[in-house]
Structure formats: C-alpha cells, structure tokens
Amino acid sequence: MTLINKIYNNIPIPLQNLAVTLEGMRINRQRYNKNYKKILLDYLESDTFSIEKIRKTRLLKLKQLLIFANENSNYYKELFSQKKFDPRNLQSEEELKVLPVLSKNEIKAFYKDIVISKLKNERIFYTHTSGTTGSGLVFPITGKFSDHQWAVWWRNRLRHGIMQDDWCGYFGGRSIVPINQSIPPFFRTNLAGKQIMFSAYHINEKNLESYISKLSSSKVQWIHGYPSVITLLAGYILTKNLKSKLSIKKISLGAENLSLFQKTLIQKAFNVNPIQHYGLAEGVANISELENGRFRVDEDYSFVEFIKKENNQHQIVGTSLTNYAFPLIRYSTGDLATLDNVDKNGWRYVQDIDGREEDYIILSDNSKVGRLDHIFKDITKIKECQFVQYEIGAVDLMIVKSHEFSQIDEQQIRKYVNSYLGNKIVLTIKYVDKIEKTSNGKLRFVVSKVKNKKN
C-alpha cells in the first residue's frame, strides 16, 4: 500500500469524496479534451462510411505506423529486415501476415527495443493491463491513442442513448472504500465525473441493502461495471423483490465476458438488456454491441485479424493504429472468438468471445469478489498466475515466475492482495512450472472448488 493510499484510507469520508472528485477532474482533463471531441465527431461520421472507404483509410494509417516503427523501433527494424518486409511498399493488409503473431510475454521480453521514447509534441501517459493470464504489462500510450480509445468507446454508448453528462453508478475494481470499513456507506462520489463509485469488495448479504438504498435515493438511471459484480446485485434484488425501488434504464458492462446466466439474471432484476463491449487497454481490437444486439468489429479503430483455431473458434489478433509510443503489431489478445456472418455491407460480426470469464473468490465474511486481475496491473515479472480456492476465506495463488522474479515481487503481491482484501482472505502463494489450461487452451484466472457455497 502506498503512502497516498494510507493517507486516503485514514481521512474522513467527506475528504475521501473530495479526493475522488479531484482525481475525476484530472481524468476529465486528460481524456475529454478538444482533440477527443473532434475525434469523437469523426467516429460518429465514419459510422455512415462504406466498408471500402474505411479499409482504404485504415490501410493508409497502418502503412504510416509501420514505416514509423521501422524507422524508430530497434525491435521492428530488425524484425522487418529479417522477414524482408518493407512497409513503404505495403499495398494490402494481407501482406502483414509475413510477420509473426506476438504474445504478451514476447512483447515484455523485447520491451526496451519496442518502446519509442523520442516523440515530439505528444502527450505521453502510462497504462497497464493484466488480462486473463494475470501477467501484467505496463506500457506508454500517446494522448492521441487515448483520445481515439475513449472516442470509440463513447461512440457506442451514444448509440445506446447514454450521454456523457449522465450520472453513473460505477461498479468496477477500484478500491475507493477502505477494505476494513464494516459499516455504510460503501460508495464514494466523484462530482467531476458524475459517478457514484460503489465498492466491489464489500458486497455481501449484510451490506447489499445499503447499495440498493443509495441507488434508489440517487435515482441514477445508468450503471456500469463488471458483470460479476452487477450479477451479485441482481441476485439480491430478485431475492428481496426490490425491482420497484430502482430507476435503472441503461446497464453497460466491461472487462469480463458475460455468461448467459449473468445476462438472464441482470435482465430479470432490472428489466434492461445489458450492453456488452469488448476492448483492451492495448487498443488492438474493439468490438461493440449495436442497438440490434449484434456484435460488430470497430473496423475504423484498429486492424483486427481472426486466425482460425479448433472448434470454429478464432484467435483475436490486432494492430493498434494510433499508439506511436509503443507499437503493437499483430499482437495476440489471448482471447478466442466465434464469428458471425458478415453483413451485406462487409462489416464483420462476432457471435461470442471466450475470454476473461471468471469465477468468484469468497472472502471470510462471505463477500464475493469476481475480478482480481487488476491486482497484477503493475506486476510484470510473472508469466502467468491463477487463483484456486478450496475453502471460504482462503485461496491459493499459483504463479509461474519469470527469471527476473524476486522476493521483492512476492512481497509486493502480498501487499496488493492485502490492500484490496485485507484480513478477509488467507493467501498461500505456490510456485509452479505451468498452469493447466481449459480444453480450448484458455487460462482461467479464478478456479473455484469450494463445496457447498453460501449464497
């Protein structure tokens, strides 16, 4: 736990609300600037373009990125030379297939040779991802990349009638309520971002009444968050027959795959069809659920490839077109998709994405925590990991170490777990040579083997 977090956890709740609001102001300035607004308008306009026009523009952007990477990145310069690939002669996206598909571990191994530090007149930020393997990646992004990412995400929200000045009940993974707090309120208010930010770490039978009470009194009409968290809320609403107390009109979901069970429960509890979305911090692929319920590839955002695997599934591989600080070319997302029919205008659609669906970890007070991979957002010296739970209040963390992993990294992991889950879980770390995958080659981040789970 950092000094800032310690200070935050020990100040009065009104000051915590102020701190959350100040952070919201900072985020607003970073994300929603003049460039973002122009780019959002461009994306809204490109919704009306033909697929041929989009492909033509995309090819030009791809060519520019490849030429830049060849001239400024040691890694890509050597790779292109080895493959006899000259981006200046690029005539078709198909030509990119001469280059290898890169995994997260390969990107991490060659990080120093990929990163481009000399960028003029560019805002540079750092972001992180962990994904279903639990292997963290911290990398730089440009302001332009951030503008494009948030613009394409907000384009889809606008399609569904969600406005940027709407108040939102947020159910994500941010630790905004101290883990050892045992009495309400289990939310903090971001006035600048118009968010009521609910804790995902205090949801249990005893506390859920206060969550519903706040949603009801605030009359918020849009909630956004992890499916695993909102599903817990939905189950409580149905059990206690509380549907009439809420005014929820829109539910948007992210960060996890949505199971049919979760979708059904959410629909029954809120009388709303949840809006799903597939996106990544790396920005190499984006798939949005349209108003008609179909999932369409955002062809104007990045170059996405679907590489055929077994059982009619396809590996999602993508190339970001706007992050010149850390080019990711033919990057494997680690996720698999089942494809749908291409429509008459040439747009590609996806039926299902088999990635990032996780089970719950049950804490000692019977609270259920669904998504935990953010714990590893800054841990980059592990290859992969998995939580395995056999009994309530205890969990095994299986880790495949990289050669750079040290005792300091283990201590950092323990601190992160403790800062999020406190004394509600007993953590045992086990080092293994490999972690068993599912039948389709995926690694489940959380495996629950708890018998006779409590509801």
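Using only Cα coordinates, the Kirkwood hydrodynamic radius of region 262-356 works out to 14.3 Å. The Cα-based radius of gyration of region 271-418, divided by its Kirkwood radius, gives an Rg/Rh of 1.03. The DSSP beta bridges internal to region 143-275 are antiparallel in roughly 25% of cases. Each eigenvalue of the Cα gyration tensor of the chain, multiplied by 5 and square-rooted, gives one semi-axis; in descending order these are 35, 26, 22 Å. With the cut-off at under 11 Å, measuring from each backbone N in region 50-80 to a point 7 Å along the Cα-to-Cβ line of Glu122 picks out 65, 68-69, 72-73.
Helix 407-421 and the longest principal axis of the C-alpha atoms of the chain enclose an angle of approximately 50°.
For the chain, the 222 nm mean residue ellipticity estimated from helices alone, with every DSSP H stretch of n ≥ 4 adding -39500 (n - 2.57) and the total spread over all residues, rounds to -10500 deg cm²/dmol.
Taking the C-alpha atoms only, the angle from helix 208-218 to the longest principal axis of the chain is near 70 degrees.
Note that the chain presents 47 Å² accessible area per residue, ligands and nucleic acids not counted, probe 1.4 Å.
Checking the table Lys6/Lys430; Lys214/Lys368; Lys243/Lys449; Lys243/Lys263; Lys97/Lys309; Lys63/Lys118 against a 23 Å threshold on Cα-Cα, which pairs fail? Please report the intermediate quantities before stating the final value.
Details: Lys6/Lys430 28 Å; Lys214/Lys368 20 Å; Lys243/Lys449 32 Å; Lys243/Lys263 16 Å; Lys97/Lys309 16 Å; Lys63/Lys118 20 Å.
Check vs 23 Å cut-off fails for Lys6/Lys430; Lys243/Lys449.
Assuming R0 = 41 Å, what is the FRET efficiency of Asp113 and Lys430, from their Cβ-Cβ distance, to the nearest 0.05?
Values: r = 33 Å, r/R0 = 0.81.
According to the calculation, E is roughly 0.80.
When both region 332-348 and region 1-42 are represented by their alpha-carbon centers, they are found 35 Å apart.
Remark: the Asp340-Lys249 segment gains 29.9 nm on full extension, using 0.36 nm per residue and subtracting the alpha carbon distance. Distance between the 7 Å Cα→Cβ label points at Tyr390 and Ser217: 4.5 nm. Spin-label pair Glu23-Leu59: with each label point 7 Å from Cα along the Cα-Cβ axis, the two points sit 4.6 nm from one another. Note on Phe49 and Gln82: the model spin-label points, each 7 Å out from Cα along the C-beta direction, lie 3.4 nm apart.
The values are calculated or read from the model by the stated rules, or taken from the named source; none is laboratory data. Just so you know, these numbers come straight off a predicted model, no measurement behind them. Note that we place each Cβ from the backbone using ideal geometry, even for glycine, and neighbour counts take in every protein chain shown. Please note that ligands, DNA and RNA were not included when accessible areas were found on the heavy atoms of the full protein model with its side chains. Shrake-Rupley method; radii C 1.70, N 1.55, O 1.52, S 1.80 Å.
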